[in-house]
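The values are calculated or read from the model by the stated rules, or taken from the named source; none is laboratory data. The shown structure was predicted, so the numbers you read here are calculated from the model rather than taken from an experiment. Neighbour counts run over all protein chains shown; Cβ positions are idealised from the backbone, glycine included. What goes into the accessible areas is simple: the full protein's heavy atoms, side chains included, and nothing from ligands, DNA or RNA. Shrake-Rupley method; radii C 1.70, N 1.55, O 1.52, S 1.80 Å.
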Amino acid sequence: MKQSIAEIKNRLINVQEENDPYLKQLSMDERKGVQSLISAWRKRRALEKKEHDKFKEMTFFEEKYHSQGYELIAGVDEVGRGPLAGPVVAAAVILPADFYLPGIDDSKKLNEQKRLSFFHAIMEQAEAVSIGVIEVEEIDRINIYEASKKAMITAVGTLKTQPDFLLIDAVKLNVPYPYEAIIKGDGRSISIAAASIVAKVTRDNMMKALDEQHPGYGFASNMGYGTKEHLQGIETHGVLHIHRKSFAPIKEYLAKSR
């Protein structure tokens with residue numbers, strides 16, 4: 001008696017290899033539903049292999065410095081340089097040596113659902129996680145580039161476990177640790193990618209809270225970036241204390257409204 005489509009679907013979950021005898025047996029089953037399941041299984045396995053290979057590729061820097069004797073490697077990244085409103089947020093994350101999270105990548109390349117899932121996995125498994133936040137007043141006072149660096153330094157400095165090496169996304173920092181600054185590091189290092197995810201989710205939650213306090217600007221969806229909805233909100237409701245007065249559109253609006 002042939003298995004039902006539902007039974008085959010459940011059993012395929014445990015099949016890992018293309019040369020599995022059960023998969024070969026199914027290939028003889030001419031039912032369209034069975035062939036569709038086989039096709040879906042192959043696509044899923046191809047995606048899993050791609051994510052596994054990408055993950056291994058992104059452990060290059062961690063393995064490089066682990067092999068040199070460094071044990072506690074912190075990835076460091078920031079988010080929020082470009083928005084017209086809200087803070088800049090950085091994160092520092094120390095992952096365990098056996099950390100495995102296929103699919104991890106630059107937070108900007110992940111949808112919100114996957115970012116949140118990865119955020120919880122990182123927070124649960126990381127050796128240490130710390131956040132640095134620089135608010136709007138200081139961004140306007142020292143400029144966004146310096147504020148971004150200060151947020152990163154704050155994140156590193158408040159880690160509960162002291163790192164012995166840093167992997168930083170692109171920026172050179174004045175810190176008491178050896179480090180490597182990696183161009184586009186959030187897509188090339190699992191530690192920096194983890195930091196980018198933690199920073200992004202943390203800042204997004206801050207902007208959603210600000211949206212509840214200041215409706216009409218669309219902060220929950222635009223995260224403070226200069227979208228049409230946000231600019232319209234400024235025209236309608238005016239500039240808030242959380243807007244970056246040193247940024248061109250806000251500066252121009254304030255000059256125009258004097």
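Some notes on this structure:
- In segment 53-67, of all residues being part of a helix (DSSP H, G or I), open to solvent by less than 80 Å² (accessible area, probe 1.4 Å) and in contact (Cβ under 8 Å) with a residue 40 or more places away in the chain, the one that is farthest from Thr161 (Cα to Cα) corresponds to Lys54.
- Test: residue in segment 68-77 that is without any contact (Cβ under 8 Å) to a residue 60 or more places away in the chain and either within 17 Å of Gln162 (Cα to Cα) or in contact with a strand residue (DSSP E or B) (Cβ under 6 Å, 6 or more places away or on another chain) (or both): yes
- The number of residues in segment 3-34 that are open to solvent by 70 Å² or more (accessible area, probe 1.4 Å) and in a helix (DSSP H, G or I) comes to 8.
- There is at least one residue in segment 248-256 that is in contact with a Gly (Cβ under 8 Å, 6 or more places away or on another chain) and either open to solvent by 10 Å² or more (accessible area, probe 1.4 Å) or at pLDDT 95 or above (or both).
- Scanning segment 115-122 finds one or more residues that are open to solvent by less than 20 Å² (accessible area, probe 1.4 Å), under 29 Å from Pro176 (Cβ atoms) and in contact (Cβ under 8 Å) with a residue 24 or more places away in the chain.
- Selection status of Lys50, in a helix (DSSP H, G or I) and under 33 Å from the mean Cα position of the chain (by Cα): yes
- Residue match in segment 19-35 (condition: β-branched (Val, Ile, Thr) and under 30 Å from Asp105 (Cα atoms)): no
- Pairing each residue of segment 34-48 that is of a type in the set (Lys, Arg) with any residue that is open to solvent by 70 Å² or more (accessible area, probe 1.4 Å) and not in a helix (DSSP H, G or I), provided the two are 6+ apart or on different chains, yields C-beta distances under 9 Å for Arg42/Glu18; Arg45/Gln16; Arg45/Glu17; Arg45/Glu18.
- Out of Gly86, Gly80, Gly132, Gly103, one residue alone is open to solvent by less than 40 Å² (accessible area, probe 1.4 Å) and under 19 Å from Leu166 (Cα atoms). It is Gly132.
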